[in-house]
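**Q** Take this structure, written in C-alpha cells, and hold onto it; I'll ask about it next.
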Amino acid sequence: MRRIVIGAFLLLCANSVLAQADSFDVFEAGIADIQQALESGRISSVDLVQQYLARIEAFDQAGPTLNSIVSLNAAAADQALALDRERAATGPRSLMHGIPILVKDNYNVPGMNTSGGSVALANFQPNAASIQVQRLIDAGAIVLGKTNLHEFAYGITTLGSLFGQTLNPYDLRRVPGGSSGGTGAAIAASLAAVGLGSDTCGSIRIPSAFNNLVGLRPTKGLSSIHGVMPLSHTQDVAGPLARSAEDLAIVLDVVSGFDVNDPATVLVRDAGFPSFVDTLNTVNLSELRLGRLDSYFDRASAAVRAPIDDTLEWLEQQGAVVVNISIPEMDGLIGESGLITLEFRDDLNAFLQEFGSTEVADLAMVLGLGMYHEAVGGALVRSDEATVDADDYAARMAARLRLKESVLELMRAEGLDAIVYPTIGELPVQVGDPQNGSNCSLSANSGLPAISIPVGFSSSELPVGMELLGAELADSELLAIAHALESQRNSRRAPAVTPSLNDSAALQSRTLTLDFNEGDVQFEGELRFEPLRNVLAYELSSAPSSAEALYAITLAIAADADERGSDPVVHNLLAPGAVDSAGEYFMSEEFRQAFTESRVYLRIFARGLPAQGVSWWP
C-alpha cells in the first residue's frame, strides 16, 4: 500500500517537474540557495516539492532503491501552494519558509502515522504533533514525508519489521548507520533540503558519518523531545542531519529552546544561548586546542583513522594544537551509566497512552503477538523483563553526573575547545552483518553535545566522520568549528548513484554486446553499465569447444584509451570451469570514471592465445 500511494502521488507532479527542471536544481542545494531562488522567483515551493518527489521516485523507489522514505505527506503540495501565496503577500516567515524537509518516523507529524518502523504501529496516528515538528511547521517548513529507522530506534543499521532495510547510497551493499539511517540516506541523496533524526546513543551521529553529513547530538535539554517516540527519556535527544553546517544551524535555531512539555529543557528556560546562524563564523581554526582521545583512536580501524589523522595533521598545520588525552575512569563510568534497557518499556508505554494508541497498548503486547523484527527481539525482551531497582537507577544517574564532571574537569585542565575521536571506529558493514565500533556513549551518557563532521573517505571510498565533543551548551561553538573546517576543507561529495536529474549521462544505462571469436576461443554475451546501481552486470556464454581452452575473461583499466594490453587485471568475469557466467561487478570511483572515458577493456587469456592475453573491447 505504501508504494502504491507514493507512486500515485508522484504521477500528479511529473509534468510540472519537467517544465521547470532547468530553472533551479535541488540537487545538493543548501537552504540559503533555495531561499535565494524562491525570493528571485526562479522556483516556487510547489516546484521544490515536485522536484524532491521526482528524486524520490527515481532513487528511493527505483534505480538504487534506497528504501529510505516510508510515507509521503499527501498535503505537501497544497501546503507549498499556500506558503507560496503567503510569501507573495507578506514575505517569508523564516529561513525555513517553503522548505521541504523529511522527518524520521518516530516523530509525530500532523495527519501522518508514527510507526517507529514496526508492524505493531503501522496504523498509529498520534493525536498531537511533536514540538520540534510543530516549530518547523510554524516557521513555514513543509514536511514532505517520513523516513525509515531501525525498529523502535533500537539499533544502528536501520532495519525493521514494517519497512525493511535502508541502503547506504555510497555503497548499496552496506548499511546507512542508524537508527536515523533513513534520514541519513535520504539527505545524502538530496531527497529533501534537510531531515530530522533522533539520538539515544549515536543515532544522529553514526548516520551522519556513514552518509557524509553533519549531525549534532545537542546538549541534553537544548531542544524538546516531546512527541518523539522514546527509547530512553534520559538519553534521548532529537534534531537535524544536513549536508552542510549552515543548513544544520538554520534548523537548530528553529527547533531549540524551552518546552514546558519536556522537563529537561528547563536548562535553557532562563539561560539564553547564541543563535547558531549568527555564530557560524566565530571560530578561527588556528586558535583551537583539541584533545585527541587516545583510547577511541586505538580501537578504531586503520581505514577510519587515516582520514581523521590527516585532518588533525592539517589542522595543526593551520596552527591548531592537538594533544593526546585520556578521560579518568571513562570506560567504567560509561558502563555504569546506561539507561536504555531500564527506561524503554515504561517510556514507550507512556508515549502510546499519551498520544492515543488504540490498537497496541504496550511493549508486552508487541512481544506477545510477535509484532517486531527478529533483529530487535533480544533488546525488546531485555527491556520488557528489566526490573527497575531504585538504588541501581540512582547509582546510574550518579555515574552519569560523574562522567560529565570528569570530562569537563579534563577540558578545563587542558584548556580544550573540544575532544576529538572517530564518530564510529569501523566502516559501514555489509547488509545483514552486525555493526561494531560505536563511540556513542561518551556524549549520550554525559549529556554533553557532540557533532559528527565529514572528514573524507576511506581507501574503499566510504565516508568517514570525526566527532567533536564540547562543554555543556557549547553546541553553537561545535557547529562553528564544523563550519570553519567545511569552509576551508570541504569533504562533501554526493553519492554517485543519486545524481542530478538533469545529468542525463549519469542516469543512463548502457548495454554492450559481446561477440569474440579468435583462434579456438569463442564467447558471446553482454555487459550492462548501470550507473544508478553502480554495477557492471555481465552475462557470458562460451562455445563448448572453448570452455577448456579459456582461462579468464578479465576487466582492465588503461591509463590511456589508445594504449591497452599490459594493465593489471581488475576482475575476472569467468567462473572457474564454467561455460556460462553471470554476475555483477561493483564499481569503484576509478573504474566508473574509466568506463565513462572508454578506458575499460577486456583481456582474454586462453590456450592458443598469446601468453599476455588478447586485449579487446566490443
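**Q** Condition test on residue 524, is it more than 25 Å from the chain's Cα centre (by Cα) and not in a strand (DSSP E or B)?
**A** Working: more than 25 Å from the chain's Cα centre (by Cα): yes; not in a strand (DSSP E or B): no.
Considered against the rule, which asks whether it is more than 25 Å from the chain's Cα centre (by Cα) and not in a strand (DSSP E or B), residue 524 comes out as no.
**Q** Let me ask something else. Taking the stretch 32-62 on its own, how many of its residues are touching a strand residue (DSSP E or B) at 6+ places or on another chain (Cβ under 7 Å) and closer than 13 Å to residue 92 by Cα?
**A** Applying the first criterion (touching a strand residue (DSSP E or B) at 6+ places or on another chain (Cβ under 7 Å)) to the stretch 32-62 yields 45, 48-49, 52, 56, 60.
Filter once more, keeping what is closer than 13 Å to residue 92 by Cα: 45.
Final tally of qualifying residues: 1.
**Q** Please work out which residue is surrounded by the fewest Cβ atoms within 10 Å (Cβ to Cβ), limiting yourself to the stretch 266-291 and to residues that are part of a helix (DSSP H, G or I) and over 27 Å from the mean Cα position of the chain (by Cα).
**A** Our first condition is that a residue be part of a helix (DSSP H, G or I); within the stretch 266-291, this holds for 266-268, 285-287.
Now restrict to residues that are over 27 Å from the mean Cα position of the chain (by Cα): 266-268, 286-287.
Values: 266: 13, 267: 17, 268: 18, 286: 13, 287: 11.
Per the stated criteria, the residue is 287.
**Q** Quick check, is residue 249 among the hydrophobic types (A, V, I, L, M, F, W, C), more than 24 Å from residue 128 (Cα to Cα) and assigned by TED's automatic domain parsing to the domain that holds residue 422?
**A** So residue 249 passes the test.
**Q** Which condition from (1) under 28 Å from residue 87 (Cα atoms); (2) out of contact with any Gly (no Cβ under 6 Å at 6 or more places or on another chain); (3) crowded, with 24+ Cβ neighbours inside 10 Å; (4) not acidic (Asp, Glu) is the one that residue 135 breaks?
**A** It fails just one condition, (3).
**Q** Just checking, how many residues over the stretch 436-459 are surrounded by fewer than 20 Cβ atoms within 10 Å (Cβ to Cβ) and of a type in the set (S, T, N, Q)?
**A** 5
**Q** Looking for whichever is farther than 23 Å from residue 445 by Cβ, among the aliphatic types (A, V, I, L, M), assigned by TED's automatic domain parsing to the domain that holds residue 136 and touching a Ser or Thr at 6+ places or on another chain (Cβ under 8 Å) here; the options are 254, 228, 268, 237. Which one fits? Can you show your working first?
**A** Details: 228 fails: farther than 23 Å from residue 445 by Cβ; 268 fails: farther than 23 Å from residue 445 by Cβ; 237 fails: farther than 23 Å from residue 445 by Cβ.
Being farther than 23 Å from residue 445 by Cβ, among the aliphatic types (A, V, I, L, M), assigned by TED's automatic domain parsing to the domain that holds residue 136 and touching a Ser or Thr at 6+ places or on another chain (Cβ under 8 Å) holds for just one of 254, 228, 268, 237, which is 254.
**Q** Given 475, 520, 515, which one is exposed (fewer than 15 other Cβ atoms within 10 Å of the Cβ) and in contact (Cβ under 8 Å) with a residue 60 or more places away in the chain?
**A** Numbers: 475 fails: exposed (fewer than 15 other Cβ atoms within 10 Å of the Cβ); 520 fails: exposed (fewer than 15 other Cβ atoms within 10 Å of the Cβ).
After applying the criteria, what remains is 515.
**Q** Going through 494, 556 one at a time, which residue ends up being under 34 Å from the mean Cα position of the chain (by Cα) and closer than 30 Å to residue 192 by Cα?
**A** On the way: 556 fails: closer than 30 Å to residue 192 by Cα.
Result: 494 is the single residue among 494, 556 that is under 34 Å from the mean Cα position of the chain (by Cα) and closer than 30 Å to residue 192 by Cα.
**Q** Would you mind stating whether residue 425 is assigned by TED's automatic domain parsing to the domain that holds residue 302, within 29 Å of the chain's Cα centre (by Cα) and under 30 Å from residue 459 (Cβ atoms)? Break it down stepwise before answering.
**A** Working: assigned by TED's automatic domain parsing to the domain that holds residue 302: yes; within 29 Å of the chain's Cα centre (by Cα): yes; under 30 Å from residue 459 (Cβ atoms): yes.
Here the answer is yes, as residue 425 does meet what is asked.
**Q** If I filter the stretch 220-237 for residues that are out of contact with any Leu (no Cβ under 8 Å at 6 or more places or on another chain), under 20 Å from residue 492 (Cα atoms) and crowded, with 24+ Cβ neighbours inside 10 Å, do I get at least one hit?
**A** no
**Q** Output the residues belonging to the stretch 63-109 that are without any contact (Cβ under 8 Å) to a residue 40 or more places away in the chain and either buried (at least 23 other Cβ atoms within 10 Å of the Cβ) or assigned to a loop (DSSP other than H, G, I, E, B) (or both).
**A** Across the stretch 63-109, the qualifying residues are 75, 91, 109.
**Q** If you take the residues of the stretch 149-171 that are aliphatic (A, V, I, L, M) and not in a strand (DSSP E or B), which of them is nearest to residue 453 (Cα to Cα)? Quick ask: steps written out before the conclusion?
**A** The initial filter retains those residues of the stretch 149-171 that are aliphatic (A, V, I, L, M), namely 149, 153, 156, 159, 162, 167.
This time we only want the ones that are not in a strand (DSSP E or B), so: 149, 153, 156, 162, 167.
Working: 149: 21, 153: 22, 156: 18, 162: 31, 167: 21 Å.
This residue is 156.
**Q** Can I ask one more? Is it the case that the stretch 601-618 has a residue that's of a type in the set (Ser, Thr, Tyr), in the same structural domain as residue 525 (by TED's automatic domain parsing) and not in a strand (DSSP E or B)?
**A** Looking for residues that are of a type in the set (Ser, Thr, Tyr), in the same structural domain as residue 525 (by TED's automatic domain parsing) and not in a strand (DSSP E or B), one finds none in the stretch 601-618, hence no.
**Q** Could I ask something else about it? Can you tell me which residues in the stretch 324-345 are part of a loop (DSSP other than H, G, I, E, B) and either in contact with a Lys or Arg (Cβ under 8 Å, 6 or more places away or on another chain) or surrounded by fewer than 20 Cβ atoms within 10 Å (Cβ to Cβ) (or both)? Before you say what the answer is, go through the steps one by one.
**A** Looking only at the stretch 324-345, we keep the residues that are part of a loop (DSSP other than H, G, I, E, B), and these are 326-329, 337-339.
Within the stretch 324-345, 326, 328, 329, 337, 338, 339 qualify.
**Q** Okay, next question. Would you confirm whether or not the stretch 292-314 contains a residue that is closer than 28 Å to residue 394 by Cβ, surrounded by fewer than 16 Cβ atoms within 10 Å (Cβ to Cβ) and either of a type outside the set (Phe, Trp, Tyr) or assigned by TED's automatic domain parsing to the domain that holds residue 465 (or both)?
**A** yes
**Q** Looking only at the stretch 500-508, decide whether some residue is of a type in the set (Gly, Ala, Ser), over 26 Å from residue 62 (Cα atoms) and at pLDDT below 95. Spell out how you get there, then give the answer.
**A** Of all residues in the stretch 500-508, those of a type in the set (Gly, Ala, Ser) come to 500, 504-506.
Within this subset, residues satisfying the condition of being over 26 Å from residue 62 (Cα atoms) are none.
Among the residues of the stretch 500-508, not one is of a type in the set (Gly, Ala, Ser), over 26 Å from residue 62 (Cα atoms) and at pLDDT below 95, which makes the answer no.
**Q** Taking the stretch 172-189, which residues are part of a loop (DSSP other than H, G, I, E, B) and either in contact with a Cys (Cβ under 7 Å, 6 or more places away or on another chain) or crowded, with 24+ Cβ neighbours inside 10 Å (or both)? Steps first, answer last, please.
**A** Within the stretch 172-189, the subset part of a loop (DSSP other than H, G, I, E, B) is 172-173, 175-180, 189.
Residues satisfying the conditions are 175, 176, 177, 178, 179, 180, 189.
**Q** Residue by residue through the stretch 481-506, note down the ones that are of a type outside the set (Gly, Ala, Ser), surrounded by fewer than 16 Cβ atoms within 10 Å (Cβ to Cβ) and not in a loop (DSSP other than H, G, I, E, B). Show your work before the answer.
**A** The initial filter retains those residues of the stretch 481-506 that are of a type outside the set (Gly, Ala, Ser), namely 481, 483, 485-486, 488-490, 492-493, 495, 497-499, 501-503.
Among the residues that remain, those that are also surrounded by fewer than 16 Cβ atoms within 10 Å (Cβ to Cβ) are: 488, 490, 492, 502-503.
Listed by number, the list holds a single entry, 488.
**Q** Is it the case, given these coordinates, that residue 151 is without any contact (Cβ under 8 Å) to a residue 60 or more places away in the chain, assigned by TED's automatic domain parsing to the domain that holds residue 45 and of a type in the set (D, E, K, R)?
**A** Numbers: without any contact (Cβ under 8 Å) to a residue 60 or more places away in the chain: no; assigned by TED's automatic domain parsing to the domain that holds residue 45: yes; of a type in the set (D, E, K, R): yes.
So residue 151 does not fit the description; no.
**Q** For residues that are in contact (Cβ under 8 Å) with a residue 24 or more places away in the chain and either within 19 Å of residue 234 (Cα to Cα) or crowded, with 17+ Cβ neighbours inside 10 Å (or both), tally how many sit in the stretch 353-370. Reasoning before the result, please.
**A** Residues of the stretch 353-370 that are in contact (Cβ under 8 Å) with a residue 24 or more places away in the chain, as a first pass: 355-357, 359-360, 365-366, 369.
Among the residues that remain, those that are also either within 19 Å of residue 234 (Cα to Cα) or crowded, with 17+ Cβ neighbours inside 10 Å (or both) are: 355, 357, 360, 366.
Residues flagged as in contact (Cβ under 8 Å) with a residue 24 or more places away in the chain and either within 19 Å of residue 234 (Cα to Cα) or crowded, with 17+ Cβ neighbours inside 10 Å (or both) within the stretch 353-370 amount to 4.
The values are calculated or read from the model by the stated rules, or taken from the named source; none is laboratory data. Keep in mind it's a predicted model, so treat the numbers as computed, not measured. Glycine gets a Cβ as well: all are built from the backbone with ideal geometry, and neighbour counts include every protein chain shown.
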